[in-house]
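The values are calculated or read from the model by the stated rules, or taken from the named source; none is laboratory data. Quick caveat: nothing in here was measured; it's all calculated off a predicted structure. Cβ placement follows ideal geometry from the backbone for every residue including glycine, while neighbour counts extend to all protein chains displayed.
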Amino acid sequence: MNVWQNRRLAAIVVTLAAVQIAALLVYRWVERERQTPGDTPFQFEQLRSRAAPDLTLLRPDGSTRRLAELRGRAVLLHFWATWCPPCRKELPQLLALGRSGRFQIVAISLDKDWTVVGKFFEGEIPPEVFRDAHGASTDAYELSTLPDTYLVGPDGSLQLRFHGARAWDGDAARAALESYTGEP
């Protein structure tokens, strides 16, 4: 190898090392920003208060219930699936929030059958968990990613949309929800 080839090879190695170091620094900065607790607000999309599309909700025992029957109380309408890792992490927090008595939780599994849902809950499916009986939710609620959660006001109108997973067990979540429902 001549001197010119050695210099060229050295320049390529130095450039690649610099690019890798820069990528590592950017990655660490992004991760640090994502994990800084309390610095980011509980983000949501405010909706124009249109009526929540009605759905027929299927229970594991085969009985059904319509979403419209839940009017009179704020409802967190949550779309999830057992194959969705963020959904699996988030759902227990939502169910606990519902058990606090402040909000009605309706968790609609987009799984194809009850078998996988039952395995996820180790055989005991909570009463807040349903499936969409007619498969209309994906289009009616314009679902593109999971998890996806809507706050339906006591009057049956869509108030807020929470795209993606959230930390539902924190004060920021409760404050955001209470500010739109008027429920303490």
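Within region 59-94, track down each residue that is in contact with a His (Cβ under 9 Å, 6 or more places away or on another chain) and hydrophobic (A, V, I, L, M, F, W, C).
Residues of region 59-94 in contact with a His (Cβ under 9 Å, 6 or more places away or on another chain): 87, 90-91, 94.
Result: CYS87, LEU91, LEU94.
If VAL106 satisfies all but one of (1) farther than 21 Å from GLN159 by Cα; (2) modelled with pLDDT of 95 or more, what's the number of the condition it fails?
(1)
Residue by residue through region 134-155, note down the ones that are of a type outside the set (Asp, Glu) and buried (at least 17 other Cβ atoms within 10 Å of the Cβ).
We begin by selecting, within region 134-155, every residue of a type outside the set (Asp, Glu); these are 134-138, 140-141, 143-147, 149-154.
Of everything in region 134-155, those that are of a type outside the set (Asp, Glu) and buried (at least 17 other Cβ atoms within 10 Å of the Cβ) turn out to be SER137, TYR141, LEU146, PRO147, THR149, TYR150, LEU151, VAL152, GLY153.
Which count do you get for residues in region 46-69 that are part of a loop (DSSP other than H, G, I, E, B) and modelled with pLDDT of 90 or more? Break it down into steps so the answer makes sense when it comes.
Taking region 46-69 as the starting set, the residues that turn out to be part of a loop (DSSP other than H, G, I, E, B) are 47-50, 52-55, 59-63.
With the extra rule that they be modelled with pLDDT of 90 or more, the set shrinks to 52-55, 59-63.
Within region 46-69, residues that are part of a loop (DSSP other than H, G, I, E, B) and modelled with pLDDT of 90 or more number 9.
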